[in-house]
Amino acid sequence: MPPPNMAGDLQRQHDAWVARMTYESRLSPHSVASYQRDLRQFLSFLNGYVERPPQLSDFADLQLATLRAFLASRRIEGAESRSLLRTMSGLRNFAQFLEQQKIAVSQAFYLVNMPKQKRSLPRPIDSQSVLQLIQLALETPKQNWVGQRDAALLTLLYGCGLRISEALALNVGDVPDAAEVGLRVLGKGNKMRDVPLLPLVHQALHGAIQAAPFTAAANDPVFRGARGGRFSARLAQQMLAQHRRTLNLPDSVTPHALRHSFATHLLSAGGDLRTIQELLGHAQLSSTQIYTEVDSASLIAIYQKAHQRK
């Protein structure tokens with residue numbers, strides 16, 4: 001979406017807001033872009049609603065009916081409840097920034113009622129299917145180094161619970177020489193965390209690095225594409241999609257599902273929530289608690305299957 005027209009006073013506050021998110025709050029580029037997109041959608045609507053470029057005073061004078069009209073227009077365009085909740089999160093972030101600058105803001109941003117979103121539970125992959133996926137990833141490619149790369153990536157996602165972006169951002173120098181040292185990962189919000197490195201994962205990573213037909217300097221990527229550049233998330237998703245189709249697994253089997261599986265299986269084995277929170281890099285424990293619901297749902301399913309009424 002192209003940047004909407006806005007008055008100079010609003011443009012200055014917009015630019016300062018983006019700078020704060022980027023350099024002070026150190027949000028990820030993805031989060032900054034999402035917040036900007038949310039505000040642009042609202043400003044584009046406001047531009048047509050007031051029939052002039054929006055200005056800073058519009059944020060103080062905003063009526064609740066106007067904000068509801070904006071959300072209704074987004075709903076007509078096909079936005080679902082989750083998208084609307086995210087949009088309001090972006091608008092409230094900007095409103096809070098203005099308030100911190102001692103600029104008046106309408107209470108409509110906080111009074112609008114949002115539809116409740118039904119929380120969907122993560123769908124982990126059973127351990128047997130994970131092992132089959134890793135085996136396929138190792139054996140399917142014609143080039144040995146590609147197979148070792150793909151198998152190492154899946155092993156890392158499942159064995160350490162990394163996000164796909166965290167795994168693909170790793171450089172050769174990030175992988176320790178000894179497994180017991182652990183792996184230091186740069187996560188969301190540029191926060192570092194240490195993740196224990198199982199010997200099997202450590203071996204897979206070093207095997208992939210050594211097998212690749214490229215240099216292995218400290219700043220080189222661990223996971224390389226065909227031309228030596230950093231392997232992309234899109235290609236990793238395509239690779240896993242190919243293998244899940246071979247095994248007739250559901251579409252929910254994605255790189256992120258391996259992270260869900262890591263957490264769910266740890267919890268089932270007796271891991272405590274605080275430890276799992278640290279391993280996943282969750283800022284809030286509430287984000288980790290959803291896995292207790294997954295574990296309970298699995299137990300109920302097993303019980304019902306074992307005790308079917310005849």
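Would you point out the residue of segment 58-80, among those that are of a type outside the set (D, E, K, R) and in contact (Cβ under 8 Å) with a residue 40 or more places away in the chain, that is surrounded by the most Cβ atoms within 10 Å (Cβ to Cβ)?
PHE59
Looking at segment 64-86, is at least one residue among the aliphatic types (A, V, I, L, M), within 30 Å of ALA169 (Cβ to Cβ) and within 28 Å of the chain's Cα centre (by Cα)?
Within segment 64-86 (the criterion being among the aliphatic types (A, V, I, L, M), within 30 Å of ALA169 (Cβ to Cβ) and within 28 Å of the chain's Cα centre (by Cα)), the answer is yes, since at least one residue qualifies.
Which of the following residues is modelled with pLDDT under 90, surrounded by fewer than 13 Cβ atoms within 10 Å (Cβ to Cβ) and small (Gly, Ala, Ser): SER83, SER120?
One residue alone meets the criteria, SER120.
Look through LEU170, LEU157, LEU162, LEU186 and report the one residue that is modelled with pLDDT under 90 and under 25 Å from the mean Cα position of the chain (by Cα).
Unique residue meeting the criteria: LEU186.
Within segment 35-63, take every residue that is under 28 Å from the mean Cα position of the chain (by Cα) and among the polar types (S, T, N, Q) and give me the one that is nearest to LEU111 (Cα to Cα).
Ranking the qualifying residues of segment 35-63, first place goes to GLN41.
Looking at segment 238-265 only, could you name the residues that are part of a helix (DSSP H, G or I) and either free of Cβ contacts under 8 Å to residues at least 40 places away in the same chain or basic (Lys, Arg) (or both)?
Hits for segment 238-265 are GLN238, ALA241, ARG244, ARG245, ARG259.
Can you tell me which of VAL181, VAL195, VAL185, VAL201 is under 19 Å from GLU278 (Cβ atoms) and either touching a Ser or Thr at 6+ places or on another chain (Cβ under 8 Å) or in the same structural domain as TYR23 (by TED's automatic domain parsing) (or both)?
None of the others qualify; the one that does is VAL201.
The values are calculated or read from the model by the stated rules, or taken from the named source; none is laboratory data. Computed from a prediction, not measured in an experiment: that's the story for all the values here. With ideal geometry, Cβ positions are generated from the backbone for all residues, glycine too; neighbour counts draw on all protein chains shown.
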